[in-house]
Amino acid sequence: MDPTMAAPKELDSRPMNDGDGANSYSQNSSYQRGVVEGAKSVIFETIPEKLNINLPKTFQIADFGCSTGPNTFLAMQNLIEAVMLKYNQSTQKTTTPEFHVFFNDHVDNDFNTLFKTLPSNRPYFAVGVPGSFHRQLFPQASLQIAHSSYALQWLSKVPPEVANKGSPAWNKGKIYCAGNEEEVTKAYFAQFKADTDAFLKARAQELVEGGLMVIQIPCVPNSEVLPSQIGAGLNSEFLGDSLADMVKMGVISEEKLDSFNLPLYLPCIEEVKMVIEMNKFFTIEKICTLSHPSNNNSTPLDIRRTCADVRAIKENLVKDHFGSENMDQLFDLLFQNYQKNQILFDKVARQDVYLFALLKRKGNI
């Protein structure tokens, strides 16, 4: 495949908050770290069993959507340890493989913070690879494992029809796909399907035959549950409510709010399976939903921490549309909305799940 292959144009993709300050992603991504930690046992079970390729002298792993750390470092460490379990189980050991890890994210991602915080004792060589993961970024058959955690839910663009007043998919009153309007959901899912297919096609070119792809993505538990009925959806719901409060206060216009939508889709496991099977480049070695480790904690959720997490993730998208001058006010209102709905949010967020998928690249593609 031509490395310049056509890919969805990225109109709405923005990096997480940069640096290591109070509002940065690096300081406000503990929830995503919990996903990496929660998947560790599944990775240790599946990677040694499903990795059937001969271990090369240089073993290459890429993390797609790495952001600024530190979660990507933990994810890469887990993968390397799982590969070494495979190596130690082998009866035909040769030279211990050297590991080469590629950290990928958008060109405007804060790679400076990422590389400043690289673990000093890391067991791998590290390289940054800027660019959209919806296109091919590596030479053909050059990777043994590809990994992506909490990234594929972000779309390359907002479906244009959801911001079109004349469209049946006009998403008035919402800033995300809440799941309660059929035409809006169809438009968002079509974009998710196109983006995920492009992502899988690119990885199929880069992975060796038999290479593995690990995907973790927030999702709804099943097709009967709406995004607005889980914590990840409520985060966007409350953000939309806070923007609506600013309309009532005369800070922003209703028209400006109606034209804003997040490039975000929370799929169900059936939808992800459908996209993978339609793609035809991979076999599904394992796919399941896992509960977030925080669900087992009986103490009330830290809403101040949750608000900070939402700001670290979504502030750049909001600033691009509404301007930067009212961000403190907006996220103060968001905190107040969490306070008003603490009991509801605690109950709903405890039910959050994420999807884990281990895919194997087929031969003869």
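Probe of 1.4 angstrom, ligands and nucleic acids ignored: what's the accessible area per residue over the chain, in square angstrom? Display every interim value, and only then the final one.
Working: 15790 Å² over 365 residues.
With the other protein chains kept in place, the chain gives 43 Å² per residue.
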- Task: Measure out, as a whole number of angstrom, how far apart the alpha-carbon centroids of the range 297-365 and the range 176-191 sit.
- Result: 19
- Each label sits 7 Å from Cα toward the beta-carbon; between residue 89 and residue 251 the label points are separated, in nm, by 5.4
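Assign one of three labels to the range 259-365, namely rounded, prolate or oblate, based on the Cα gyration tensor with a ≥ b ≥ c the square roots of its eigenvalues; rounded applies when a/c is under 1.5, prolate when it is not and a/b is larger than b/c, and oblate otherwise. Walk me through the intermediate numbers first.
Numbers: a/c = 3.33, a/b = 1.62, b/c = 2.06.
Because a/c hits 1.5 or more and a/b fails to exceed b/c, the range 259-365 counts as oblate.
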- Query: Taking square-rooted eigenvalues a ≥ b ≥ c of the alpha carbon gyration tensor, is the chain rounded, prolate or oblate, where a/c under 1.5 means rounded and, failing that, a/b exceeding b/c means prolate?
  - Reply: prolate
- So residue 362 and residue 108, fully extended at 0.36 nm per residue minus their Cα-Cα distance, gain in nm 88.1 nm
- Output ³J(HN,Hα) for the range 194-203: one whole-Hz value per residue in order, computed from phi by the Karplus curve 6.51 cos²θ - 1.76 cosθ + 1.60 with θ = phi - 60°, and x for Gly and Pro. 5, 5, 5, 5, 4, 4, 5, 4, 5, 5
- Task: Specify whether the C-alpha gyration tensor of the range 230-322 places it in the rounded, prolate or oblate class, a ≥ b ≥ c being the square roots of the eigenvalues: rounded for a/c under 1.5, otherwise prolate if a/b is larger than b/c and oblate if not.
- Result: oblate
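To the nearest whole percent, what portion of all C-alpha pairs in the range 211-281 is separated by more than 17 angstrom?
Details: 1440 of 2485 pairs.
Roughly 58 percent, once rounded to a whole number.
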- Simple SL model, points at 7 angstrom along Cα→Cβ for residue 115 and residue 142; separation in nm is 1.7
- Item | For residue 59, residues with placed amide H under 5 Å, excluding near neighbours | 98, 99, 100
- Query: Just in the range 298-365: which trypsin sites (Lys or Arg not before Pro) are loop by DSSP and have at most 16 other Cβ atoms within 10 Å?
  - Reply: 362
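For a 23 Å ceiling on Cα separation, which of these pairs sit above it: 157/201; 50/201; 57/286; 174/286; 186/347?
On the way: 157/201 18 Å; 50/201 21 Å; 57/286 27 Å; 174/286 34 Å; 186/347 28 Å.
Violating the 23 Å limit, Cα to Cα: 57/286; 174/286; 186/347.
Could you work out what % of the accessible surface of the range 211-339 is carbon and sulfur, using a 1.4 angstrom probe and leaving DNA, RNA and ligands out of the count?
Details: 2510 of 5340 Å².
Carbon and sulfur together cover 47 percent of it.
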- Scalar couplings 3J(HN,Hα) for the range 270-277 by Karplus 6.51 cos²θ - 1.76 cosθ + 1.60 (θ = phi - 60°), nearest whole Hz, x for Gly and Pro, are 5, 5, 5, 4, 4, 5, 5, 5
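Of all alpha-carbon pairs in the range 124-265, indicate the percentage at a distance above 25 angstrom.
40
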- Could you work out which residue, out of 273, 174, 57, moves most in a Gaussian network model of the chain, that is, has the largest mean-square fluctuation with Cα springs under 10 Å? 57
- Message: Using protein chains only and a probe of 1.4 angstrom, how many square angstrom of residue 208 are accessible, to the nearest 10?
- Response: 30
- Run the numbers on the chain and let me know its relative contact order in percent, using alpha-carbon pairs under 8 Å that are six or more apart. 22
- Query: residue 131's amide H: which non-local residues (gap 5+, or another chain) put their own amide H closer than 5 Å, with H modeled 1.01 Å from N in plane and none for Pro or chain starts?
  - Reply: 105, 106, 107
- Task: Please give the contour-minus-distance gain from residue 125 to residue 291: 0.36 nm per residue of separation, less the Cα-Cα distance, rounded to one decimal in nm.
- Result: 56.5 nm
- Backbone HN-Hα couplings from phi across the range 98-105 [Karplus 6.51/-1.76/1.60, Hz, Gly and Pro as x]: 8, 9, 10, 10, 10, 9, 10, 6
- Query: In nm, to one decimal, how far is the modelled label at residue 96 from the one at residue 172, with both set 7 Å along Cα→Cβ?
  - Reply: 6.5
- Alpha carbon convex hull of the range 168-244, volume per residue in cubic angstrom: 115
- Message: What does the extension gain come out to for residue 347 and residue 280, with contour length at 0.36 nm per residue minus their alpha carbon separation?
- Response: 20.3 nm
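The values are calculated or read from the model by the stated rules, or taken from the named source; none is laboratory data. Because the structure is a prediction, the values reported are computed rather than measured. Note that we place each Cβ from the backbone using ideal geometry, even for glycine, and neighbour counts take in every protein chain shown. Accessible surface areas use protein heavy atoms only, side chains included; no ligands, DNA or RNA. Shrake-Rupley method; radii C 1.70, N 1.55, O 1.52, S 1.80 Å.
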